[in-house]
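Participant: Below are the structure tokens for one structure; questions will follow.
The values are calculated or read from the model by the stated rules, or taken from the named source; none is laboratory data. None of these values were measured; they are calculated from a predicted model. Counting neighbours? That spans all protein chains shown, and the Cβs are built from the backbone with ideal geometry, glycine included. To get the accessible areas, we keep the full protein, side chains included, count just its heavy atoms, and leave off ligands, DNA and RNA. Shrake-Rupley method; radii C 1.70, N 1.55, O 1.52, S 1.80 Å.
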Amino acid sequence: EADIYQTPRYLVIGTGKKITLECSQTMGHDKMYWYQQDPGMELHLIHYSYGVNSTEKGDLSSESTVSRIRTEHFPLTLESARPSHTSQYLCASSSNEQFFGPGTRLTVL
Amino acid sequence: KNQVEQSPQSLIILEGKNCTLQCNYTVSPFSNLRWYKQDTGRGPVSLTIMTFSENTKSNGRYTATLDADTKQSSLHITASQLSDSASYICVVSDRGSTLGRLYFGRGTQLTVWP
């Protein structure tokens, strides 16, 4: 069954740690996205990719980085987590319509 | 500036009642408008997608309307159920870029009480 997966679903980590949020999709979509969403607020695009070896920064400035080595995989990395990075991170992929993963709730203490 | 505004911010209704959520947008050039349902702690799930020429579209108990002239959309929920409790997000796409940029509203938080 075609789907989009994110792991972990929840992560609590201390300041200064390096973390990688995983996102995988089985739909063969070229376009993939990372959004950041705070409670009660709209989604903000932080990274996107048109395909393998293509990555671009989105509208919201983010200290995170992404890579796209394989079509189905679009991981997001924070080299040194800070409390200001506490948020929900949503991954999506699209053909004509965007499909969202379940999200990762990140808490940095 | 491309924006999407939703109202009300939150809404509480009793199970079985109907409700209507509003969305106003200034996105141009317009491509399509989507309504998503987002359960707490989950990713958004698409309910409807409407293009410029479509005035109304239904998906079960959900009916979306679009007035492209006034740049307004509504989502009507009929005979609400407890499982309808969620955030409903209006998303407008422009056709001015190859990315098909999406503009998100902040959502209407709907709570259905028994």
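Participant: Check cross-link reach from residue A:18 to the aspartates and glutamates: straight Cα distance under 16 Å, and skip same-chain residues fewer than eight apart.
Facilitator: Residue A:18 reaches A:63, A:79.
Participant: State, to one decimal in nm, how far the label point of residue B:26 lies from the label point of residue A:13, with both points 7 Å from Cα in the Cβ direction.
Facilitator: Label at residue B:26, label at residue A:13, 3.8 nm between them.
Participant: List the lysines whose alpha-carbon lies under 21 Å from that of residue B:1, not counting same-chain residues fewer than 8 positions away?
Facilitator: A:57, B:71
Participant: What does the charge add up to near residue A:80, with Lys and Arg as +1, Asp and Glu as -1, over the other residues with Cβ less than 13 Å from its Cβ?
Facilitator: Numbers: positive: A:17, A:18, A:82; negative: A:63, A:79.
Surrounding charge for residue A:80 is +1.
Participant: At q = 0.11, 0.20 Å⁻¹, work out log10 I(q)/I(0) for chain B with the Debye formula, treating every Cα as an identical point scatterer and leaving solvent out; two decimals please.
Facilitator: Values, matching the q order: -0.32, -1.03.
Participant: Once A and B are treated as a pair rather than alone, how much accessible area drops out, both sides summed, in Å² to 100, probe 1.4 Å?
Facilitator: Values: alone 6010 and 6420 Å², together 10760 Å².
Interface area, both chains combined: 1700 Å², rounded to the nearest 100.
Participant: Another question, then. Quick check: the distance between the Cα centres of the stretch A:60-86 and the stretch A:1-22, to the nearest angstrom?
Facilitator: Cα centroid to Cα centroid, the span is 10 Å.
Participant: In a solvent-free Debye calculation with one equal scatterer on each Cα, what is log10 I(q)/I(0) for the stretch A:1-99 at q = 0.10, 0.20, 0.25 Å⁻¹, listed in the order of the q values?
Facilitator: Here log10 of I(q) over I(0) equals -0.25, -1.01, -1.48.
Participant: OK, next. Near residue A:108, within a Cβ-to-Cβ distance under 11 Å, what is the net charge of the other residues, with Lys and Arg +1 and Asp and Glu -1?
Facilitator: The answer is +2.
Participant: Ok, one more. How much net charge surrounds residue B:103 when only other residues with a Cβ under 14 Å from its Cβ are counted (Lys, Arg +1; Asp, Glu -1)? All intermediate terms of the calculation are to be shown ahead of the outcome.
Facilitator: Working: positive: B:1, B:34, B:71, B:95, B:101, B:106; negative: A:42, A:59, B:5, B:94.
Result for the neighbourhood of residue B:103: +2.
Participant: Once the dipole of chain A is set up with Lys and Arg at +1 and Asp and Glu at -1 on Cβ about the Cα centre, which of A:43, A:81, A:26 lies farthest towards its positive end?
Facilitator: Projecting each Cα onto the dipole axis, the largest value belongs to A:81.
Participant: Near residue B:37, which lysines are there with a Cα under 19 Å away, not counting those fewer than 8 places off in the same chain?
Facilitator: The reachable lysines, counting only those whose Cα sits under 19 Å from residue B:37, are B:17, B:57.
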